[in-house]
Each structure stands twice: as C-alpha cells, then as structure tokens.
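Just below is one structure, and these are the notes that go with it.
The values are calculated or read from the model by the stated rules, or taken from the named source; none is laboratory data. Just so it is clear, the model here is predicted, and its values are computed rather than measured. Don't worry about glycine lacking a Cβ; one is built from the backbone with ideal geometry, like all the others, and counts go over all protein chains shown.
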Amino acid sequence: MSAMIVDAENVRRSLWPNLGRDDLVALCGARAAAEGVDVIVVFDGP
C-alpha cells in the first residue's frame, strides 16, 4: 500500500495557520481514506 507523508508544521505555517493539530490530523486521515492510502502526519519542533 502507498503512504502519504505530511510535514504538519509546514502545512500549518504555509496553508492553514489557524488549523489545530487535531483538525489537521483528521483532515489528513479523511484525504488518505478517500485516496486509499495510509497517512503519516509528522509534527516536529516544540
């Protein structure tokens, strides 16, 4: 199976700065399910 890897902090900084972590994870999960792939959401830094 394929996997989608998301650099969560970069997504939040560049596209959705007001989106919370839980909301981003939920959106990524929904997109991955629609595409039929696994998702790995990576949060780095503080």
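Some observations on this one:
- Residue list for segment 6-42, restricted to those being at pLDDT 95 or above and either aromatic (Phe, Trp, Tyr) or loosely packed, with under 10 Cβ neighbours inside 10 Å (or both): 22, 34, 36
- Members of segment 11-46 found to be assigned to a strand (DSSP E or B) and β-branched (Val, Ile, Thr), listed by number: 39, 40, 41, 42
- For beta carbons closer than 7 Å, sequence separation of 6+ or different chains, a first residue in segment 24-38 that is within 21 Å of residue 9 (Cα to Cα) and free of Cβ contacts under 8 Å to residues at least 24 places away in the same chain and a second that is in a helix (DSSP H, G or I) and of a type outside the set (S, T, N, Q), the qualifying pairs are 24/8; 24/11; 24/12.
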